[in-house]
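Here is the structure we will look at.
The values are calculated or read from the model by the stated rules, or taken from the named source; none is laboratory data. Here the structure is a predicted model, which is why all the values come from computation and not from measurement. Positions of Cβ are generated from backbone atoms using ideal geometry, with glycine treated the same way; all protein chains shown enter the neighbour counts. Surface areas here come from the heavy atoms of the whole protein model, side chains and all, with no ligands, DNA or RNA. Shrake-Rupley method; radii C 1.70, N 1.55, O 1.52, S 1.80 Å.
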Amino acid sequence: MNAPAPMIPPPRLLDISLFQERREHDYFDEIRALDTPYLHPEENGPGFYALTRYDQVWEAARNPRLFLSGSGTQIADKRAEGKGAPSVHNADAQLHRHLRDFGRRAMAQPLLELRRERVREIVQDIIARAPRGETFDFVEHVALTIPMTVFGEVLGIPEADRGYLVERANTMSSVLATAEEQASARGHLFEYFRELAADRRSQSRDDAASVLVAPNKKGIELSEEELDAYFLLLVIAGNDTTRFLLAWVLEQLLHQPDAMIALRGDPRQLKTGTEEMVRWVTPVIHMRRTLAEDAEIFGIEAKAGSKFVLYFSAANRDPAAFENPQEFRLDRWPNTHVGFGAGQHICLGAYLARMETQIFFEEYFRQVGHCELVGEAERIPSFWFAGLDKLPVRWS
């Protein structure tokens, strides 16, 4: 007897409550059971194919000729940077190579390594200043403050301005913000970035902003609009990824005390453990691509202009790619997750996020003897990013 065909699931991927209630992986399992990618309806658009299998996400992410980013990487037809020059993750082909060259140099591993001890000092200080023996919000006091401070130093933003930029960057990454609110935040950010760029052109410093405004080897500089988009992307990504990682992973370790004890007893596990942390959280849930031409792909015949959404978080829980994917295992190796994306659009700040995460847990184990959850965590209202708004804890 033939097995019954899987039932088509109801459209839920634009329902924020699905993610806030942490039920998205059950839903991803339903979609993954279908023979072909699920064509998800879209209220104000043509709909999109949801890619939830690891092999599909991997193939699409590594085929930028067929799966384009230049039409936008959000599900909706809009870009965080607005209608001006695209950011590097909203660019294709030669333009992408041109833009990425600047970011690659600004976020180069050797330059970040020079700041490792400074990053450690920042983390040590933030942990030391967190309340002891009383309930506090880990997100507000630690998870938000670490990347805001670290990335502010990397980019060269004065300490007094960092909170201002993060608040407006949060508006840009919010799926609840109105177009008017985002336009206002974007305008304020672009105004700030142009002042920062002008300052670095007049006096170069040892920071990423100075690298971005400087000419490349061919003597070509980024335009004002290209710099606007670059700074916006870096401020959003440089803060969100690490903030979401630190809070979500601490919560998981507190729910899984054996893993916390094992990591505390052998911090060398942080190398493999960090990769599992990224797989488990997958801070960026998805990115969209647009089909460049008519193609028969993943068992369907799709037209040029079709939207495909790469669900990295679903791919990272695919049992075809990961043994017992619903288990958080710090010794999981190899771990070829797509938590930072894959292919030519892989996250420019991945090395810094890994560094901050590893240093945080090294210093946490040195300074914090005991930590416990005090109440329920609250997840951010988003179907685009996976993060916590609040994590009430008490430590000593």
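Within the range 35-55, being over 21 Å from LYS78 (Cβ atoms), within 20 Å of the chain's Cα centre (by Cα) and open to solvent by less than 40 Å² (accessible area, probe 1.4 Å) holds for THR52, TYR54.
The criterion of at least 2 residues that are open to solvent by 30 Å² or more (accessible area, probe 1.4 Å) and out of contact with any Leu (no Cβ under 8 Å at 6 or more places or on another chain) is met by none of the strands (runs of 3 or more DSSP E) wholly inside the range 282-321. With the condition kept exactly as written, say whether any residue in the range 348-369 is crowded, with 22+ Cβ neighbours inside 10 Å, part of a strand (DSSP E or B), modelled with pLDDT of 95 or more and of a type outside the set (Asp, Glu). No, that holds for no residue.
Among residues of the range 83-103 that are within 14 Å of ARG65 (Cβ to Cβ), those with a beta-carbon under 7 Å from a residue that is outside any loop (DSSP other than H, G, I, E, B) and open to solvent by 10 Å² or more (accessible area, probe 1.4 Å) at least six positions away or on a different chain give the pairs ASP92/LEU68; HIS96/GLN344.
Close Cβ contacts (under 7 Å, 6 or more residues apart or on different chains) running from residues in the range 7-32 that are under 14 Å from THR52 (Cα atoms) to residues that are acidic (Asp, Glu) and open to solvent by less than 80 Å² (accessible area, probe 1.4 Å) comprise ARG32/ASP318. What about ALA237, is it closer than 15 Å to PHE385 by Cβ, buried (at least 19 other Cβ atoms within 10 Å of the Cβ) and in contact with a strand residue (DSSP E or B) (Cβ under 9 Å, 6 or more places away or on another chain)? It is true that ALA237 is closer than 15 Å to PHE385 by Cβ, buried (at least 19 other Cβ atoms within 10 Å of the Cβ) and in contact with a strand residue (DSSP E or B) (Cβ under 9 Å, 6 or more places away or on another chain). Restricting attention to the range 12-33, which residues are open to solvent by less than 20 Å² (accessible area, probe 1.4 Å) and more than 20 Å from the chain's Cα centre (by Cα)? Answer for the range 12-33, where residues must be open to solvent by less than 20 Å² (accessible area, probe 1.4 Å) and more than 20 Å from the chain's Cα centre (by Cα): TYR27, ILE31. Flag not set for ARG168, criterion: in contact (Cβ under 8 Å) with a residue 24 or more places away in the chain, of a type in the set (Lys, Arg) and assigned to a helix (DSSP H, G or I). Here THR73 passes the criteria (1) out of contact with any strand residue (DSSP E or B) (no Cβ under 6 Å at 6 or more places or on another chain); (2) in contact (Cβ under 8 Å) with a residue 24 or more places away in the chain; (3) closer than 30 Å to PRO147 by Cα except the one numbered (1).
The numbered conditions (1) part of a helix (DSSP H, G or I); (2) farther than 28 Å from SER313 by Cα; (3) open to solvent by less than 30 Å² (accessible area, probe 1.4 Å); (4) not basic (Lys, Arg) are all true for ALA160 except (3).
Could you count how many residues in the range 226-259 are free of Cβ contacts under 8 Å to residues at least 24 places away in the same chain and not in a helix (DSSP H, G or I)? The qualifying residues number 0. Within the range 113-123, does at least one residue satisfy the condition of being more than 30 Å from PRO11 (Cα to Cα) and modelled with pLDDT under 95? No.
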